[in-house]
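The structure under discussion appears below in the form of structure tokens.
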Amino acid sequence: MIAKLKEMFASTLGDSADDVFANTEQTKLLASVALMIEIIAADNERHDTEKSMLRQILANQFGVKNEAANDLISRAEKAHSEATDFFYFTADINEHFNEQEKIELIESLWKIAWADHEIQDIEQHIIRKLASLLYVSHKDFIATKLRVVGDPN
């Protein structure tokens, strides 16, 4: 599976697979988008608002705009449909992200889940699982959710 992902993202970003994974910033982007697609696909509902939020995150946080973002999302969706789990992605993130970047990624996952103004139980479960795999504390998991969703009280 990881070989397919390397090939897919290499063609998206215009580099060879080895060049893509030799570049830390590209590796961070690949792993991040794969996890964001996981959240988008989690609830089996229309994903227009979530995909729009993903495009916004790609533009604002990673500088990926318009056609490149659409192509990246399309290819990530294909890889997601072929993937059996997300542990490969979390391993890359743990290797290349610092603590603050991991917290920002969890916040981005909440933004995608909240794009439709509803957090499904499955979305929350997946984000909690990812936070755990990324060694993001429960305190930061909750704080990022509250920054995105707000305090319901």
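See the values below:
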| quantity | calculated |
| --- | --- |
| Cα shape, the range 27-88, gyration tensor, a/c 1.5 rule | oblate |
| Gyration tensor verdict on the range 31-153 (Cα atoms; rounded if a/c is under 1.5, prolate if a/b is larger than b/c, oblate otherwise) | rounded |
| Relative exposure of D48, D116, D71, judged by other C-beta atoms within 10 Å (fewest first) | D48, D71, D116 |
| C-alpha center-to-center spacing [the range 63-111, the range 113-132] in angstrom | 15 |
| Too-long pairs where the Cα-Cα distance tops 23 Å, listed order kept, from K78/K139; K65/K139; K28/K65 | K78/K139; K65/K139 |
| Trypsin sites (Lys or Arg not before Pro) within the range 24-101, DSSP loop, no more than 15 other Cβ atoms inside 10 Å | R46, K65 |
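Bear in mind these aren't lab numbers, they're just calculated from the coordinates by the rules spelled out. The structure displayed is predicted, hence computed values, not measured ones. Quick reminder, even Gly has a Cβ in these numbers, built from the backbone with ideal geometry, and neighbours come from all protein chains shown.
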